[in-house]
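What follows is a set of notes on a single structure, which appears directly below.
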Amino acid sequence: MTSANHHQRPQTGLLATSRLRSCVTSLFLLLLLLYVLYSSSLILLPPSCPLPSTLQKSTSSSTTLPLPLTNYSKGNQQEQEPIILPQKSLRYDTEAKHIVFCIAASSSLWDKRKEYLKLWWKPKETRGVVWLDKRVRTRRNEKLPEIRVSGSTAKFKYTNRQGDRSALRISRAVSETLRLGMKDVRWFVMGDDDTVFMVENLVRVLSKYDHNQLYYVGSSSESHIQNIFFSYAMAFGGGGFAISYPLAKELEKMQDQCIQRYPGLYGSDDRMQACMAELGVPLTKEPGFHQYDVYGNLLGLLGAHPITPLVSIHHLDVVDPIFPQMKQVQALHHLFESTKDDSASMMQQSICFDRRRQWSITVSWGYVVQIIRGVMSPRELEMPTRTFLNWYKRADFTAYSFNTRPVTRHPCQKPFLFYVKSSQYDKGRKQIIGVYARDQKDPHPYCRWQMNSPDKIDSIVVLKRPDTQRWNKVWILETIFFLFLCNYVVRFDMLLMFLTCLTYEAVCITLVPKVNWDLNSTKRYCLKVISVSLCPL
C-alpha cells in the first residue's frame, strides 16, 4: 500500500503541472487577443476629438473634423458621419514665379559682380530687385533684375566699430521689396551680388515647405568660429536665405523698431536673426545654401557635396575658380552648361571601386571625377578634403563646422582629377553623355607602388539618366563610366538603389576595344555589392 502510493504521487504532480501550464497558456492567449482587439480599435477608429494641430498641418493621411454640438438632438442623439478632408501632398506646387529675390549690392563693385547675376538670372522666369546704395549706369537689354536704391537709414543707430552702416540698409531689403506690392509671392529670397543661385534646386527645396506658414530657411557658416561669433541659429546672408510671405509681412511691421534695439550688431544677417528671434521663428536649416567662409580651392567641398540639392555658392571673389585654367565667371558658366539637363543631380557624389586595379573612384556629377590608387572606405571618401583654408587663416581643422580630412602627403594616393569637358543629352539612349578630361597641368610625383596607375587615362565618359524628381521619391539611378585606357575602354555600370534608407552600389566592368562601340555585344563581368552608406530621408 505504501509502495503503491509512493509510485502514484509523481503522476498526480505531473497532472497538476500540465493543467497549470495549460491554464497559463490559455490566459496568455486571452490577454494577447484582448490586446490585439484593443490596439486595432485605436488604430482603425477615428479619434472623437482630434487636436487642433492635426487640423492645421498637412499630412499624407485624411483628417477627421470634430462634430459640432448643434448636430445632436435632445432626445435621440444620432451619430453623424465625420467630415473627411481630402488628402494633401507633402510637397507644394511652388514655381520660380512664386519667388522674389532681394539682392544686396554695392555700387563700387557693381560692374564686376553683375556678371555673376547674369549667369543665373532668367528675365522671363525669375523676379526680384537689386538694392544698391546709389544709382549706377545701366545698359539696355542687359539680363538683369530691376535696380533700385535703398531707403535712407540715417535715423538708425550703428555702433559696431568693425562693421559698416550698409548692414542697416541691406537688412531692410526684404521689407522694402514687400512694400512694392508684387502679386502671387510665396517666398522672398535674400542674397548678395556675389552669390550664384541654382534656381531650379531652390524651387525644389522650398517646395517642401508650406508657404502659408512662418518659415526662415537657410544655413550656417562653414567656419565654427563664425557661427560662434554670430550664431548657429542664424542664416548667413551670403549663402542666401528664404522667408515665407506671411513671415515677411510680420517682419515688415516690426523691423524698424527691432533694428533700433540692436545697434551693436555687425551685419545685416545677424539683425535679421535677431528679429526672427523676437517673432519666435527658428531657423530651418537646408545644407544646400553655401556661405563658403573659406579661402582657396573648393575642390574638397564640391567634390564631396552632401546629399542635398546644391542651392547657392558665395564668396566667388575670394575662392579660386572652380575649374582650372578658367576665370571664375567662365568656370561657373561651364558648370551651368554641363548640368543643364539634370540640375537636380549637380555635384552629387557617387563612390565606386575597381577591385582588380585596387582603385577608389568618386564622381561629383557635372564637376569632377577623382581616381585614387588604393582602396579607401566610403566613410573617408564622403568627407571633404582640406583643399581650402579657414576664414580665420590661423585656425586649424578643428575650426570647421563639419568633418574634414587632410590632403594626403603620400605620393601614390594623390587623386587623379578629371574635370567635366562637355555634356549633352542623347535622345536615343535617353541618357546624358558627359566627357571628363584629365587636368594635365596637375603634377603627380613618382609612385613606387607596384600597381596599375591611372596616369594612362586621358578622359572619362559618364552616362547618366536624367531624373528631375530625384529628391521627391525613392529612386533607382544608373551611371555608366567609360575609362579610356590604352586601346581599351573600361566600362563601369554603377547601380545606386535607394531602399530602406541604405545605398547599395554594385559595379560591373566591361572591356571594350576603342574601335568597337557596340556595347551590347561585349562580355560583362559583374562584381558583388561593394559598399553600403546612408541615403537621404
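The values are calculated or read from the model by the stated rules, or taken from the named source; none is laboratory data. These figures come from a predicted structure and were not determined experimentally. A quick note on method: Cβ atoms are made from the backbone with ideal geometry, for glycine too, and the neighbour counts reach across all protein chains shown. We work out accessible area using only protein heavy atoms, side chains counted, and drop any ligands, DNA or RNA first. Shrake-Rupley method; radii C 1.70, N 1.55, O 1.52, S 1.80 Å.
Taking a ≥ b ≥ c as the square roots of the eigenvalues of the Cα gyration tensor of the stretch 99-227, is the shape rounded (a/c under 1.5), prolate (a/b larger than b/c) or oblate?
rounded
Which pairs break 19 Å Cα to Cα here: Lys114/Lys421; Lys112/Lys143; Lys114/Lys155; Lys124/Lys340?
Pairs exceeding 19 Å: Lys114/Lys421; Lys114/Lys155.
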message = Given points 7 Å out from each Cα along the Cα-Cβ axis, report the Lys249 to Arg429 separation in nanometres with one decimal.
response = 5.1 nm
remark   = Carbon and sulfur atoms account, in whole percent of the 1.4 Å probe accessible area of the stretch 274-424, for 51 percent
key: Virtual paramagnetic centre 7 Å along Cα→Cβ of Asp439, amide N under 16 Å, in the stretch 382-406   = 384-389
ask   = Can you list, bin by bin at 5 Å, the percent of alpha carbon pairs in the stretch 313-445, starting at 0?
value = 2, 9, 15, 20, 21, 18, 11, 4, 1, 0, 0
ask   = Leu283 accessible area, nearest 10 Å², 1.4 Å probe?
value = 30 Å²
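How much length is gained if the chain between Arg394 and Asp320 is pulled fully straight, taking 0.36 nm per residue apart and subtracting their Cα-Cα distance, in nm to one decimal? Walk me through the numbers on the way to the answer.
Numbers: separation 74, 0.36 × 74 = 26.64 nm, distance 1.93 nm.
Once the chain is fully extended between Arg394 and Asp320, it gains 24.7 nm.
Past 21 Å, Cα to Cα, is the threshold; run Lys327/Lys441; Lys183/Lys249; Lys327/Lys393; Lys208/Lys427; Lys97/Lys183; Lys183/Lys253 against it and keep the listed order.
Over 21 Å Cα-Cα: Lys327/Lys393; Lys208/Lys427.
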Cα centroid of the stretch 344-408 to Cα centroid of the stretch 308-334, whole Å = 18 Å
query = Excluding Leu178 itself, what net charge comes from residues whose Cβ is under 9 Å from its Cβ, given Lys and Arg +1 and Asp and Glu -1?
reply = 0
ask   = Quick one: what does P(r) look like for the stretch 219-350 with 10 Å bins over all Cα pairs, in whole %?
value = 11, 37, 29, 18, 5
request  = First measure r as the distance between the Cβ atoms of His410 and Ser459, then evaluate 1/(1 + (r/R0)^6) with R0 = 25 Å and state the FRET efficiency to the nearest 0.05.
outcome  = 0.45
request  = Considering Cα pairs under 8 angstrom that are at least six residues apart, work out the relative contact order of the stretch 365-429 and quote it in whole percent.
outcome  = 51 percent
task = Determine which aspartates and glutamates satisfy two conditions relative to Lys414: a Cα distance under 12 Å, and not lying fewer than 8 residues away in the same chain.
result = Asp442, Asp455
remark   = Mean Cβ-within-10 Å packing, highest first, puts peptides 285-294, 138-147 in the order 285-294, 138-147
query = Rg/Rh for the stretch 154-281: what does it come to with C-alpha atoms and Rh from Kirkwood?
reply = 0.94
inquiry  = If you count only protein heavy atoms and use a 1.4 Å probe, how large is the accessible surface of Asp455, to the nearest 10 Å²?
reply    = 80 Å²
